1. Would you be able to tell me the number of residues in the stretch 423-480 that are part of a helix (DSSP H, G or I), aromatic (Phe, Trp, Tyr) and surrounded by fewer than 19 Cβ atoms within 10 Å (Cβ to Cβ)?
2. For the stretch 723-744, which residues satisfy the criterion of being more than 35 Å from the chain's Cα centre (by Cα) and assigned to a strand (DSSP E or B)?
3. What number of residues within the stretch 232-245 are buried (at least 24 other Cβ atoms within 10 Å of the Cβ) and either at positive phi or aliphatic (A, V, I, L, M) (or both)?
4. Quick one: which of 491, 513 is surrounded by fewer than 21 Cβ atoms within 10 Å (Cβ to Cβ) and closer than 24 Å to residue 364 by Cα?
5. For the stretch 346-382, what are the residues that are among the β-branched types (Val, Ile, Thr), touching an Asp or Glu at 6+ places or on another chain (Cβ under 9 Å) and part of a helix (DSSP H, G or I)?
6. Within the stretch 128-185, can you find the residues that are touching a Phe, Trp or Tyr at 6+ places or on another chain (Cβ under 7 Å) and assigned to a helix (DSSP H, G or I)?
7. Please verify whether the stretch 838-846 includes one or more residues that are over 30 Å from residue 700 (Cβ atoms) and among the acidic types (Asp, Glu).
8. If I ask for residues that are closer than 26 Å to residue 748 by Cβ, surrounded by 15 or more Cβ atoms within 10 Å (Cβ to Cβ) and small (Gly, Ala, Ser), which ones from the stretch 810-829 would you list?
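The values are calculated or read from the model by the stated rules, or taken from the named source; none is laboratory data. Computed from a predicted model, the values in this text were never measured in an experiment. Quick reminder, even Gly has a Cβ in these numbers, built from the backbone with ideal geometry, and neighbours come from all protein chains shown.
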Amino acid sequence: MGDLLVFVLSGLVSGALYALLATGLVLSYSASGLFNFAHGATAYLCALTFYELHSGLGWPAVPAALLVVLVLAPGLGWGLDRLMFRRLARVGETAQIVATIGLLVALPAAGLWAVELLTEAGAPLKPAENQFGLPGVGPSPARSWQLADGIGIDSDQLITWVVTAVVAVGLWVLMRHTRLGLRLRAAVDNRSLTELRGISADRLSSVAWMIASGLAGLAGVLATPLLGLSAHDFTLFLFVSATAAVIGRFASVPLAFAGGLGLGVLQNLVAGYASFAEDVTGLRTAVPFLILFGGLLVLTRRARTAGTAAVDAPPLDHLAGASGLRRWGVWAAGAALLAAAFYTVTTPFWTGLLAQGLAIALVFMSFTLVTGLGAMVSLAQATFVTGAALVAGLLMSRGWPFAAALAAGTCAAAALGALVALPALRLGGRSLALATLALAFLADQVLFQLRWLRNGDAGWSVPRPVFGPVDLSDDRAFGVALVVLVALAGAGLGALRGSPAGRAMLAVRSAPAAAMASGVSVLRTKLLLFTLSAGLAGFGGVLYASYNTRITATDFTALTGLVWLAVVVAAGVRRPQYAVVAGLVFAVAPHVLAGYVTESAHLPVILFGLAGLALANDPDGYCAAVPVRWARRRAARGPGDGPHAAPAAAPPPPPAPGRADAVRDREPEPGPRGRPGRGTPRERTTAAPVSVPVSAPAPVALELRGVAAGYDGAPVLRGLDLAVRRGEVLAVLGPNGAGKSTACLVAAGLLPATAGTVLVAGRDATRDGAVRRARAGVLLAPEGRGIFPALTIEENLALVLREPGARAAVYDRFPRLAERRAVAAGSLSGGEQQMLALAPLLERPPEVLIADEPSLGLAPRVVEEVYGLLAELRTAGTALLLVEEKAAGLLGLADTVAYLSRGRVSWCGPRAEVEADRLTEAYLGIGAGAGSGTGAGVPTASATGTEPTGAAS
């Protein structure tokens, strides 16, 4: 019993640190969608700063810790969010993973280099790298107390428990009982809807990153006595704590916190009681990675892919359709020059460096396969390299020839890759990356500890081969042989990309659901990619070991693979020739920097890490970005333009006689019920005005003038003109693909206009985002339901109505909501959800309400109730812009009707001028009788000069 209590108490110490790190991971991921692989590096940097302040500069422990945890760590989180994480949130997941891995590589090296520079400048700092047995926040040496016979605790453990408990309570209060916590949870639930409610998601993201970095800094300070100052140990600590984040499904802070505590206890119990682990070297320390891998397989949910047109769009290929000479001529010439240089101009030193770069380029090409072609981030490539080289060395020690050992090592790596991939391929994105890294750590700590495989610390000799008169022990001959092998590997990858199998791989990368519907086996394709990639990594690994003439089990650890990935993706992971550039730079750059810049070994690591960070700007890498930019500049220079001419937008066609948009820039005609009769002064028919006496027109609340917008360069809106006045209902109708929802997004500020002007109450708001538009009174009720499903009814209302009295008035109006105020909004029926979305607006009417399909999925009786609420908002003076597919129901509420076709308003007028048969003809694209373009009703395609629109555009 005493041993059990000792194991539990000591396990709670490491568990508390896991809990702090896991909580920060969940907070930052929930707020920004980014899993921060560099979270442990932040903790290390804070621990390093605390150590130098306390032990080097002699600061008292508590002030030094407070400075680090409350100032340095949050400031680091805020700065990284502003400089990097916000941009990363808009790129693909592969770039996100690699960029944060680059940060993981760069931060510890930057801290150690700063210590070196300050020490050289005369600062009284102490050596920091790999220091152990360091003092913590408490007394040094730590005080100990005996709780019972054989059971004791020390001051460092006690401080860790107390601080962790205080942080847990503080986080619970923050997230559940403060307005900031409510907004953070809302942003986690639906980021874009948060902005539509006037809450800046970017600011919430900054706050979340500051809190997460503060928690990492606290964990780093508390872990200093336990881990010392080893960047490797802190990185391992992070990936163990990622297990707790997986338990919390990357979303629940309480579950992640509890999971961290439980993980620390379980790790100690296994180490203390699992007698079977004594027979397997390294298994005790590998338990957390087994739990991480198992947790990923059991707890990670795959995202739904049905209905997704393109998961990962390919980058622009400016050489598409070009001849083979143009595509490969420069690279072939470069290979020939490099081969000739080995025997002409290079010295033995540079010959060896270039040969080393070519050998590692073969390994880097494996990333081109798995990540560039397959969109899978594998963090186990170093494992395949080590496994293949150890097998080859083992066989060569038994008398096997080099070629046979190379083939066997390559096959062993491919088999190991298949074993890794089979259980992990059901995962995706960050989960697959974490799973492969967990398996890489397992290989380092268990598989490569087998004595018969590793041959102790000496490893195996891998001599260079001799093929007849060709002796590859000469670096020049070895370099030329590698040029040939690299060229063959590049040609093979190019042929694979253009083959039917390669096209299937690209289809699986870009649109897995569509590929599956076309008969392509997604799982088999990914397994083939992973296996080929592992085999290529093993092939390059044996040659790399042959260059060094020896391989040991510690030459290429799992963390080495992280640096490799950052380098090759920063260069460009989709083309094999960019992997060659990355390999040469990786081999040459450290020696160039050491010879001409600084002898510090940290600067090359910093630069390689920063190369990964640049993916926030160029997700496809540096080498891929340069030719694409050149191609865009050439395209921008039209014939007759100057060298710096920019492409000009095509002018809109002039209005044709008899078209609906022929009469412009006139005041709107009055409509029925004293409402303005025209939706816009810029788009109207030439029909005679309706003679109804009215008062002066109400001011325009929202106006779109000549707005153009689209997605990824594809235009949807082409000069759209719309206006809605206070107290008016403007119904926007049209078939699917006409641009109705796009118009809503542009009006609300979620989608920027590429041309034209958006006016809010007469003020130019074109450059305003969704947050500023919402604060100006322009609200969007998006298609579906404008609620936060994970928040309760009370919390949904509290986001908009801060005063309890205002919420009480809503409950008086809607007793059904009052009865279920503590229920999650996502569990309500569709009608109840729509009522919840509109109820706070009745209490505080906006200036403009844009409703996209407010009746979608609702029963007819509920639709009537929703329309009744919208009519109340009109009476309160709100300008309503309503988009519906079901025109018949909306016409009874509308004052003005605008018909969209191909991104323009083809007709706009009072509701009284709309004829049902004309409307039906326009929707179906069927021509009507002569004269339909100038009389009452909706013009047909022939009358408007516009082609009929189909179901999609």
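1. Count: 1.
2. Listed by number, the residues that qualify are 723, 724, 725, 729, 730, 731, 733.
3. Of the residues in that region, 5 qualify.
4. Answer to the check: 491.
5. Correct list: 351 only.
6. Correct list: 168 only.
7. The answer is no; no qualifying residue exists.
8. 824, 825
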